[in-house]
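In what follows, a structure is listed as structure tokens, so that the remarks can point back to it.
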Amino acid sequence: QVQLVESGGGLVQAGGSLRLSCVASGRSFNRYAVGWFRRAPGKEREFVAGLNWSATSTYYADSVKGRFTISKDNAKDTVFLQMDKLAPEDTAVYYCAARLWTVITTNAYDYWGQGTQVTVSS
């Protein structure tokens, strides 16, 4: 069993930055791929970024490419999502999720965090 806890959300002005963290407990992240998803008000949850288990491959939604960066600190069992050049359309609850080995862009992950709110003001 893996427990995931996100943090780092908040209110930021357009053009600003935030760094989200996803800390794992229960089992090491070493074998797990991690995805970041978000759900905006009135919309379906969508894939944002992913990192495979070895941290050798990253994946991004087109809407965040060049602005968001996913990374991992194995020693701390933590995955980060650095979000730069934030825009109001990035406002959502952000979730991290984990599954063994490979990243997928659908919701078929085994473990989910509780989410952290990101609000970008114009």
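The values are calculated or read from the model by the stated rules, or taken from the named source; none is laboratory data. In this text, all values refer to a predicted model and were calculated from it rather than measured experimentally. Cβ placement follows ideal geometry from the backbone for every residue including glycine, while neighbour counts extend to all protein chains displayed. For accessibility, only protein heavy atoms count, side chains too; no ligands or nucleic acids. Shrake-Rupley method; radii C 1.70, N 1.55, O 1.52, S 1.80 Å.
Search segment 24-36 for residues that are modelled with pLDDT of 90 or more and pair each with any residue that is among the small types (G, A, S) and surrounded by 14 or more Cβ atoms within 10 Å (Cβ to Cβ) when their beta-carbon atoms are under 6 Å apart and the residues are at least 6 apart or on different chains.
Qualifying pairs under 6 Å: Y32/A98; V34/A98; G35/G50; G35/A97; W36/A49.
Cβ-Cβ below 6 Å, separation at least six or inter-chain, first residue in segment 98-117 and β-branched (V, I, T), second part of a loop (DSSP other than H, G, I, E, B): which pairs?
That search, which allows pairs on different chains as well, returns T102/N52; V103/N52; T116/G9.
List the strands (runs of 3 or more DSSP E) inside segment 1-73, counting only whole elements, that have at least 3 residues being open to solvent by less than 20 Å² (accessible area, probe 1.4 Å) and β-branched (V, I, T).
Result: empty, no element qualifies.
Filter segment 106-121 down to residues that are open to solvent by less than 20 Å² (accessible area, probe 1.4 Å) and in a loop (DSSP other than H, G, I, E, B), then give me how many there are.
Counting residues in segment 106-121 that are open to solvent by less than 20 Å² (accessible area, probe 1.4 Å) and in a loop (DSSP other than H, G, I, E, B) gives 3.
Look at T105 and say whether it is out of contact with any helix residue (DSSP H, G or I) (no Cβ under 6 Å at 6 or more places or on another chain), hydroxyl-bearing (S, T, Y) and at pLDDT 95 or above.
No, not satisfied.
Got a sec? Which of D90, D77 is on the phi > 0 side of the Ramachandran plot, among the charged types (D, E, K, R) and surrounded by 18 or more Cβ atoms within 10 Å (Cβ to Cβ)?
On inspection, the qualifying residue turns out to be D77.
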